[in-house]
1. List, in order, the whole-Hz ³J(HN,Hα) value for each residue of the range 55-65 obtained from phi through the Karplus relation with A = 6.51, B = -1.76, C = 1.60 and θ = phi - 60°; use x for Gly and Pro.
2. Per 5 Å bin, what percent of the C-alpha pairs of the chain does each bin hold, from zero upward?
3. Output the relative contact order of the chain, whole-number percent, from Cα pairs under 8 angstrom with separation of 6+ residues.
4. Give the cross-link partners of LYS90 among the lysines, using a straight C-alpha distance below 18 Å as the criterion and excluding same-chain residues fewer than 8 apart.
5. Counting only heavy atoms of protein chains, what accessible area per residue, in Å², does the chain have with a probe of 1.4 Å?
6. How much of the accessible area of the chain, in percent, comes from carbon and sulfur atoms when a 1.4 Å probe is used?
7. What length, rounded to one decimal in nm, is gained on full extension from VAL20 through to LYS105, with 0.36 nm per residue of separation minus their alpha-carbon distance?
8. Enumerate the calculated ³J(HN,Hα) couplings along the range 101-107 in order (Karplus 6.51 cos²θ - 1.76 cosθ + 1.60, θ = phi - 60°), each rounded to whole Hz, writing x wherever the residue is Gly or Pro.
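The values are calculated or read from the model by the stated rules, or taken from the named source; none is laboratory data. No experiment lies behind these values; they were computed from the predicted model shown. Each accessible area value is taken on the protein alone, full model and side chains, heavy atoms only, with ligands, DNA and RNA left out. Shrake-Rupley method; radii C 1.70, N 1.55, O 1.52, S 1.80 Å.
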Amino acid sequence: MPNCPMCQSEYTYEDRGLFVCPECGHEWSEGDEVEEGLVVKDSNGNLLQEGDSVTVIKDLKVKGASGAIKQGTKVKNIRLVEGDHNIDCKVDGFGPMKLKSEFVKKL
Ligand SMILES: [Zn+2]
């Protein structure tokens, strides 16, 4: 049995496909744990979440665009994705693109 993700209790049990923690009452399914696998951190090590706003911390060259995304550019409503470029977003003046979380800072 996995430990409770809320309180780390070892006394969890399974009930009709759900794991149940008798200590804090938390119930969860195995599928929930897999979804938490996507951890995206900004340049300061802060966890980023879907819908967050960030600023770009350095000029970023964009393939196919004439200019670079300037340091300090605000990017709203990010989405988190898997891979090397783990932020999916829209940048004003550039359109939809993917950024690396190491080059942004949470606002
Ligand atoms: Zn618990």
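1. Per-residue couplings from phi come out as 10, 7, 9, 8, 4, 10, 6, 10, 4, x, 9 Hz.
2. Distribution as computed: 2, 11, 19, 16, 10, 9, 10, 8, 6, 5, 2, 0 percent.
3. Averaging sequence separation for qualifying contacts and normalising by length gives 21 percent for the chain.
4. Excluding near neighbours in sequence, the set is LYS58, LYS61, LYS63, LYS70, LYS74, LYS76, LYS98, LYS100, LYS105, LYS106.
5. Value returned for the chain: 69 Å² of accessible area per residue.
6. 45
7. So the extension gain works out to 26.9 nm.
8. Using θ = phi - 60°, the values come out as 5, 5, 9, 10, 10, 5, 8 Hz.
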